[in-house]
Amino acid sequence: MLFTIQTLFFRFVQFLLKVGTFILPIRVPETFRGAGAAMQLCEAIAASGARTVLLVTDAMLVELGLVKPMQEKLEALGVRVVTYDGVKPDPTIAQIETGVDLYKGEGCEAILAVGGGSSIDAAKVIAARARNPHGVRWMAGLFRLLRSPAPLYAVPTTAGTGSEVTIAAVVSDPETVRKFAIMDFRLVPLMAALDGSLMTGVPPAITAATGMDALTHAVEAFISRNRTQATDADAREAVALIMAHLPRVMADGQDLEARSQMAVASYKAGLAFTKAGVGYVHAFAHNFGAHYHIPHGLANAILLPYVLEYSKPACTPRLAELARIAGVGEAGAGEGALADAFIAHIRDLNARFGIPAAVDKLQTGDIPVIAANARSEANWFYAVPRYMDRSTSEGFLRQLLAA
Ligand code: NAD
């Protein structure tokens, strides 16, 4: 009874949120695309008048030499670059605060994020903290920023999170063992460069996990009750691009055409989910990240077929449409069979990419707390096709225990 009342309440708030997505000025970043896009973005930053820029990245990307051309380009254009390479996967509040100190101490006027979702998210929160009086935890949730963040530009180096276009930044809090999102449409970067040539060196395991992350964004947006015609169009395009190009980049990481298409797919999936939202895959994955440090994309990939199986009774026609887009299932098959074929195809992709079907770090004793945290995350903000109550969510997690 309580569960039914709660679900009705969630649906009502979601209706208001959906109306909000048509009214709120959710910016889309100006994008530069293709090889050399990052250099064009540097020119645009210099033209903006910023004279000192904080470049937020991770040490691996500096070591790989990916950041240097951007540093040199900006310096050549008269922009001083202060590099902060202290971001680690799943950035923490402490890493963000170090970046804020550097931004303020060096008199920076803008931020350039170069990296995967971790670097872009850290840069978003540094930009927000630089202009707002409150701490990072205080900003958790929706529309908690009092003032606009510092000017922010993004160069994604993974094709996965879509953070370069989303309203969200995900932060890890080691004290509470949780990940939380800060969401505000002013966190969308002003400009982004989608440059597949920066992604040719991504190792296969990260390529697979991030690619499946982008697929998860598109699929969760497509089955969300808060989808719109526009988010459907972006999600369809993302799914088609990922189905065509993720196997190609897995076969040959140097395939520049496929890398470029994956960069566009990740961006389109980000566009879709920033309005339609995500669902239980993310609610559970964030907890696997916080508890066991399982990379976000990998956790999403493992969870996706299980969540779709659970959601299927409430979204069979949507899953059938995704099967048609992916080109799987028998010609003339009914919608139920097509939905099954789509879920089976995701399991096949996972197996081909070396993604396991269970979470070996998951402990039976952790299930109640992970289930509770996931249910509290998948609240009114996640317009999932089908909610889970306590026993369902705990039973759901038990399927993921390693044999
Ligand atoms: P990541 O940024 O954590 O990077 C993973 C690893 O890949 C790092 O070791 C990094 O050095 C390496 N890497 C990145 N680019 C590379 C390249 N071009 N070549 C070689 N190595 C490279 O991974 P991610 O999956 O992009 O981001 C995950 C984070 O993003 C998580 O914290 C997740 O919660 C968050 N996220 C945010 C959003 C959002 O909308 N803001 C959406 C989804 C996920």
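Would you check if there is a residue in the range 184-200 being touching a Ser or Thr at 6+ places or on another chain (Cβ under 9 Å), under 22 Å from Phe288 (Cα atoms), assigned by TED's automatic domain parsing to the domain that holds Ala94 and of a type in the set (Val, Ile, Thr)?
no
Can you list the helices (runs of 4 or more DSSP H) lying wholly within the range 46-147 that have 2 or more residues being crowded, with 17+ Cβ neighbours inside 10 Å and without any contact (Cβ under 8 Å) to a residue 12 or more places away in the chain?
By residue number, no helices (runs of 4 or more DSSP H) qualify.
Residues in the range 3-27 that are open to solvent by 80 Å² or more (accessible area, probe 1.4 Å) and outside any helix (DSSP H, G or I): how many?
Residues that pass the stated criteria total 2.
Based on this model, can you work out whether Ala38 counts as away from the ligand (no atom under 16 Å from the Cβ) and in contact (Cβ under 8 Å) with a residue 24 or more places away in the chain? Break it down into steps so the answer makes sense when it comes.
Numbers: away from the ligand (no atom under 16 Å from the Cβ): no; in contact (Cβ under 8 Å) with a residue 24 or more places away in the chain: yes.
No: the conditions fail for Ala38.
Of the conditions (1) within 12 Å of the ligand (Cβ to nearest atom); (2) surrounded by 24 or more Cβ atoms within 10 Å (Cβ to Cβ), Asp184 clears all except one; give me its number.
It fails just one condition, (2).
Checking Ala263 against (1) over 17 Å from Thr31 (Cα atoms); (2) more than 10 Å from the ligand (Cβ to nearest atom); (3) in contact with a helix residue (DSSP H, G or I) (Cβ under 6 Å, 6 or more places away or on another chain), which test does it fail?
Unmet for Ala263, out of (1) over 17 Å from Thr31 (Cα atoms); (2) more than 10 Å from the ligand (Cβ to nearest atom); (3) in contact with a helix residue (DSSP H, G or I) (Cβ under 6 Å, 6 or more places away or on another chain): (1).
If I ask for residues that are surrounded by fewer than 24 Cβ atoms within 10 Å (Cβ to Cβ) and not in a helix (DSSP H, G or I), which ones from the range 196-226 would you list?
Thr200, Gly201, Val202, Pro203, Arg225, Asn226
I'm checking my understanding of the structure. Among residues of the range 148-163 that are within 9 Å of the ligand (Cβ to nearest atom) and open to solvent by less than 20 Å² (accessible area, probe 1.4 Å), which one is farthest from the chain's Cα centre (by Cα)?
Looking only at the range 148-163, we keep the residues that are within 9 Å of the ligand (Cβ to nearest atom), and these are 156-163.
Still in the running and open to solvent by less than 20 Å² (accessible area, probe 1.4 Å): 156-157, 159-160, 162-163.
Values: Pro156: 11, Thr157: 13, Ala159: 10, Gly160: 6, Gly162: 5, Ser163: 6 Å.
Looking at the filtered set, the residue picked out is Thr157.
Restricting to the range 166-181, and then to whatever is within 9 Å of the ligand (Cβ to nearest atom) and in a strand (DSSP E or B), can you tell me which residue is surrounded by the fewest Cβ atoms within 10 Å (Cβ to Cβ)?
Ala181
Enumerate the pairs (first residue in the range 286-306 and under 13 Å from His217 (Cβ atoms) and open to solvent by less than 20 Å² (accessible area, probe 1.4 Å); second residue anywhere and within 11 Å of the ligand (Cβ to nearest atom) and among the acidic types (Asp, Glu)) with beta-carbon separation below 8 Å, excluding pairs fewer than 6 apart on the same chain, so at least 6 apart or on different chains.
As it stands, the answer is Gly297/Asp213; Asn300/Asp213; Ala301/Asp213, since those pairs meet every condition given.
Could you list, in sequence order, the residues of the range 86-112 that are under 26 Å from Met39 (Cβ atoms) and more than 10 Å from the ligand (Cβ to nearest atom)?
Gly86, Gly99, Leu102, Tyr103, Glu106, Gly107, Cys108, Glu109, Ala110, Ile111, Leu112
Residue by residue through the range 307-336, note down the ones that are in a loop (DSSP other than H, G, I, E, B), at negative phi and surrounded by 17 or more Cβ atoms within 10 Å (Cβ to Cβ).
Val328 - this is the single residue of the range 307-336 that is in a loop (DSSP other than H, G, I, E, B), at negative phi and surrounded by 17 or more Cβ atoms within 10 Å (Cβ to Cβ).
The values are calculated or read from the model by the stated rules, or taken from the named source; none is laboratory data. On a predicted model such as this, the values are computed, not experimentally measured, just so you know. A quick note on method: Cβ atoms are made from the backbone with ideal geometry, for glycine too, and the neighbour counts reach across all protein chains shown. We work out accessible area using only protein heavy atoms, side chains counted, and drop any ligands, DNA or RNA first. Shrake-Rupley method; radii C 1.70, N 1.55, O 1.52, S 1.80 Å.
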